[in-house]
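*Asks:* Please find one structure pasted underneath; my questions will follow.
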Amino acid sequence: PLDGSSNIDCLVSIGTIFGIYRKKSTDEPSEKDALQPGRDLVAAGYALYGSATMLVLAMDCGVNCFMLDPLRLLYECNPIAYVMEKAGGLATTGDKDILDIVPTEIHQKAPVVMGSSEDVQEFLEIYRKHKAK
């Protein structure tokens, strides 16, 4: 369900909150599979829909945030990528390091993935594996 849907007309962000439980029975899925305590969650999160779409996913291994919105290269991607790299992290489009892109227009947008070098390298391995298909 949409959380905050009564706020749509005043341009406030809305979202979806979700929890994922392991199916307990071997029968067809039913309501009893959902009637579990919160401690039995295997994952949970939320998505916000606004000027950008953001997904937050929590699992036993930690919490990850994902944003779906190409950022403007010159005045968003580049400065943040510069800080990220100086802090020891990486910033990429998946195909090229953000700081290596030569802009062709002032408001040019670029997809960006940034974070610790380990996390971005893991992303790149998965991205390249699936891009090749």
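Here, each number is a calculation from the coordinates, and none is a lab measurement. Nothing here was measured: the structure is a model prediction, and the numbers come from that model. All Cβ positions, glycine included, derive from the backbone under ideal geometry; neighbour counts span all protein chains shown.
*Asks:* Tell me the angle of helix 117-131 to the major Cα principal axis of the chain, expressed in degrees between 0 and 90 and rounded to the nearest ten.
*Replies:* It is inclined by approximately 80 degrees.
*Asks:* Just need log10 I(q)/I(0) for the chain at q = 0.11, 0.16, 0.21 Å⁻¹, Debye formula, equal scatterers on the alpha-carbon atoms, no solvent, rounded to two decimals.
*Replies:* -0.59, -1.00, -1.22
*Asks:* So, with +1 on the Cβ of K and R and -1 on the Cβ of D and E, and no other charges, what is the size of the charge dipole of the chain about its Cα centre, to the nearest 20 debye? Kindly include the intermediate steps, with their values, before the conclusion.
*Replies:* Working: 13 positive and 19 negative charges, 40 e Å.
With only Lys, Arg, Asp and Glu charged at Cβ, the dipole is about 200 debye.
*Asks:* Note down the magnitude of the dipole of segment 5-66 about its Cα centre, charges +1 on Lys and Arg C-beta and -1 on Asp and Glu C-beta and zero elsewhere, to the nearest 20 debye.
*Replies:* Values: 5 positive and 7 negative charges, 34 e Å.
With only Lys, Arg, Asp and Glu charged at Cβ, the dipole is about 160 debye.
*Asks:* For the chain, what is the relative contact order in percent, using Cα pairs closer than 8 Å and at least 6 residues apart in sequence? Walk me through the intermediate numbers first.
*Replies:* On the way: 184 pairs, mean separation 20.4, N = 133.
For the chain, the relative contact order is 15 percent.
*Asks:* Length gain on complete extension for the stretch Asp119 to Thr26, per 0.36 nm per residue less the alpha carbon to alpha carbon distance? Mind showing how you got there, number by number?
*Replies:* Details: separation 93, 0.36 × 93 = 33.48 nm, distance 3.61 nm.
Here the answer is 29.9 nm.
*Asks:* In segment 5-66, if the dipole is taken from +1 on Lys/Arg beta carbons and -1 on Asp/Glu beta carbons about the Cα centre, which of Val42, Cys61, Tyr21 is farthest to the positive end?
*Replies:* Cys61
*Asks:* Could you check the spin-label model distance between Ile17 and Ala34? Points 7 Å from the Cα along Cα→Cβ, value in nm.
*Replies:* It works out to 1.5 nm between the two label points.
*Asks:* Let's test the formula: R0 of 30 Å, r as the Cβ-Cβ distance of Leu99 and Tyr49. What FRET efficiency results, to the nearest 0.05?
*Replies:* Values: r = 30 Å, r/R0 = 1.00.
My answer for the efficiency is 0.50.
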